1. What are the pairs, 6+ residues apart or on separate chains, where a residue within segment 178-196 that is in a helix (DSSP H, G or I) has its Cβ under 6 Å from a residue that is at pLDDT below 90 and of a type in the set (D, E, K, R)?
2. Only residues that are open to solvent by 80 Å² or more (accessible area, probe 1.4 Å) and of a type in the set (Ser, Thr, Tyr): list them for segment 22-65, please.
3. Let me confirm something: among Trp36, Trp41, which residue is under 18 Å from Val158 (Cα atoms), hydrophobic (A, V, I, L, M, F, W, C) and modelled with pLDDT under 95?
Amino acid sequence: MITFGRMLTVLNNFDHSLFLSIHHFRNGFLDLVMPWITIRWFWIPLYALMLFFTWKRFGKQTLVIALTVVALIVASDQSANLLKNSTQRLRPCHDPALEQENVITPLGCGGQYGFVSGHAANSAAVALFFFLLAGQANGFAPAKRKWWSLLFVWTIVVCWSRIYVGVHFPFDVLVGMLIGFIYAVLFFILYKKLLPVLR
């Protein structure tokens with residue numbers, strides 16, 4: 001009979017192996033771009049572009065959308081921080097089990113704990129929220145909706161960068177993405193309910 005503790009050990013070992021496989025798949029180009037991709041401020045032009053297209057389509061509703069997205073990001077980010085502090089799972093770059101594995105951290109290791117990834121939660125939340133916004137009946141034209149689905153590619157790249165720079169395990173980003181998706185659905189429902197009241 002497999003105990004819960006044994007199952008956690010197996011999952012943890014698998015996560016370590018998967019991390020090393022992804023982290024050590026390196027080349028000069030990725031060494032150059034991944035540290036930039038993982039920096040939140042690098043994506044300010046993308047956020048500005050998203051805001052611009054949202055304003056062009058939704059006009060005055062953009063303020064409600066923007067405030068909802070800010071609240072969404074705060075909720076997903078704080079939930080990630082709460083889980084970090086409660087589970088206290090070490091980041092790869094702090095984990096003694098990986099001391100001999102040459103974990104590369106071009107931006108430093110950051111805080112001690114890494115489960116779950118706030119970057120993953122935030123980017124997944126934003127991607128799904130705008131995808132739902134684009135796909136609603138009064139959203140963007142069908143020809144334009146597919147462009148918003150590219151935000152999921154952005155989310156995956158951001159998550160990959162967190163593993164590449166050595167600060168998160170794969171399960172950290174996968175669970176972070178799940179949390180972001182859940183919050184995106186909840187806040188989209190909230191947005192739909194609040195909109196008629198605020199008009």
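1. Note: no pairs meet the criteria.
2. Tyr47
3. On the way: Trp36 fails: modelled with pLDDT under 95.
The unique qualifying residue is Trp41.
The values are calculated or read from the model by the stated rules, or taken from the named source; none is laboratory data. Just so you know, these numbers come straight off a predicted model, no measurement behind them. Cβ coordinates were reconstructed from backbone atoms using ideal geometry, including for glycine residues, and neighbour counts include every protein chain displayed. Side chains are part of the model used for accessible areas, which takes the heavy atoms of the whole protein and leaves out ligands, DNA and RNA. Shrake-Rupley method; radii C 1.70, N 1.55, O 1.52, S 1.80 Å.
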